[in-house]
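Below: the structure, in structure tokens.
Here, each number is a calculation from the coordinates, and none is a lab measurement. These figures come from a predicted structure and were not determined experimentally. Glycine also receives a Cβ, built like all others from the backbone with ideal geometry; neighbour counts cover every protein chain displayed.
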Amino acid sequence: MVSLVVATLNRVTELERLLTSLDGQSYQDFEVIIVDQNADDRLVGVLRQHPGLGIRHLRSRPGVSRARNVGLRAAKGDIIGFPDDDCWYPESLLATVTQWFASHPDFGGLFAMLRTADNQPVGPKWPERPCFCTRKTLWDRGITPIGFLRREVTEAIGFFNEKIGLGAPSRYQSGEDTDYFLRPLALGFQMWHDPTITVYHPSFHAPERLRETTYSYSLGGGFVMRIHGYPLSLLLKGLVRSVGGAVVNLFRGDMFLTRIYLVRAGGLLRGYVLGPRDMARITDSTS
């Protein structure tokens, strides 16, 4: 059985789209664990519209890492996935994932690829062909909506870091998924990227989203880079790309993107240099 842990906050129509896509899966041996961070009952009506899914509706205080940990404690499946509340699955996804794990018993994890509704790649630069997961590939491709892990892996690596991620009690609003998916490699588990397997997701590049999230997300990236012992050259590469992007857009007269690139550079640098100190000041949270 597959357990799908869905942390959700402030989204109703998007969650409805995900649940509709789960109703249509050709493979039906799965459970849906909705971890609701809303203070009201806005989801009750939506969840009632999908009785065939046997949804388990749990509650959590805000914080995506906290919510996923609530779901992990309740999950019963042999394979565990973490779909975003605004992603959706093609009809054959879970059939493909379960068949892959059945034919690859030596692997502990599988990562798909994100595409928009019009089938265009979205997010990081994806591998051109299937390949092993490495620290290099997981740095920008280790994101939750495309990741599936065996239960033995989740039991070995534990829970998401509740000090980071969207809604965490810090300014470090990302990096929890990269941190989580890097841990299996450190324990010797093999994992695989397969860009022929698709999960659908809206674009990450809407201007309002960039304005609201660039700095806090870059902080998380810099912090994870530091705690996982990535070489300083990776930080310098990120800084050079960000400053270079700012210069290019300055000459183009695009002041919005110029600022976004500079903010990204500042977030990466601070997260890398001061992240461990900032985290030490935060008391561990409980679910």
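The table that follows gives values for the structure above.
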{"item": "Backbone HN-Hα couplings from phi across region 32-38 [Karplus 6.51/-1.76/1.60, Hz, Gly and Pro as x]", "result": "10, 10, 8, 9, 8, 9, 6"}
{"item": "Choice from Arg73, Arg48, Arg252 with maximal GNM fluctuation in the chain (Cα, 10 Å cutoff)", "result": "Arg252"}
{"item": "Radius, Kirkwood style, for region 192-283 when every pair of distinct Cα atoms is counted (Å)", "result": "14.6 Å"}
{"item": "Beta bridge orientation in the chain: antiparallel %, DSSP, nearest 5", "result": "30 percent"}
{"item": "Fluctuation leader among Asn161, Asn249, Asn69 - the chain, Gaussian network, Cα springs under 10 angstrom", "result": "Asn249"}
{"item": "Volume per residue that the Cα convex hull of the chain spans, once the total is divided by residue count, Å³", "result": "130 Å³"}
{"item": "Net lengthening on full extension, Arg17/Val247 (0.36 nm per residue, minus Cα-Cα)", "result": "78.8 nm"}
{"item": "Bridge type composition, region 95-245 - antiparallel percent by DSSP, nearest 5", "result": "45 percent"}
{"item": "Qualifying aspartates and glutamates (Cα of each under 20 Å from Cα of Lys125; at least 8 residues distant if same chain)", "result": "Asp84, Asp140, Glu176, Asp177, Asp179, Asp194"}
{"item": "Under the Karplus curve 6.51 cos²θ - 1.76 cosθ + 1.60, θ = phi - 60°, whole-Hz ³J(HN,Hα) for region 249-265, x wherever Gly or Pro sits", "result": "6, 5, 5, 7, x, 9, 6, 4, 5, 4, 5, 4, 5, 5, 4, 4, 4"}
{"item": "Debye, to nearest 20: dipole size of the chain, +1 on Lys, Arg Cβ, -1 on Asp, Glu Cβ", "result": "1120 debye"}
{"item": "Spin-label model distance (nm) - Tyr27 vs Val44, 7 Å beyond Cα toward Cβ", "result": "3.5 nm"}
{"item": "With at most 15 neighbouring Cβ atoms within 10 Å, loop GluC sites (Glu not before Pro) (DSSP) excluded, longest segment of the chain", "result": "129-287"}
{"item": "Residue among Gln49, Val97, Tyr27 farthest towards the positive dipole end of region 23-109, charges placed on Cβ", "result": "Gln49"}
{"item": "The chain: calculated mean residue ellipticity at 222 nm from DSSP helix runs of at least 4, using -39500 (n - 2.57)", "result": "-14500 deg cm²/dmol"}
{"item": "Candidates Asp179, Asp85, Asp29, ranked by Gaussian network fluctuation over the chain, Cα under 10 Å, top entry", "result": "Asp29"}
{"item": "For Phe30, residues with placed amide H under 5 Å, excluding near neighbours", "result": "Val2"}
{"item": "Global geometry of region 1-139, whether rounded, prolate or oblate, following the gyration tensor of its Cα atoms and the 1.5 cut on a/c", "result": "prolate"}
{"item": "Simple spin-label estimate for Arg135 and Thr116 in nanometres, 7 Å along Cα-Cβ", "result": "3.5 nm"}
{"item": "Additional length obtainable on full extension of the chain from Met255 to Asp78, 0.36 nm per residue less Cα span", "result": "58.8 nm"}
{"item": "Region 110-122 - phi-based ³J(HN,Hα) in whole Hz, Karplus 6.51/-1.76/1.60, Gly and Pro as x", "result": "9, 10, 8, 9, 8, 9, 7, 4, 8, 6, 8, x, 9"}
{"item": "Gained length - Gln190 relative to Asp278, 0.36 nm times residue gap less alpha-carbon distance", "result": "28.5 nm"}
{"item": "Kirkwood hydrodynamic radius of region 165-214, Cα pairs, Å", "result": "13.8 Å"}
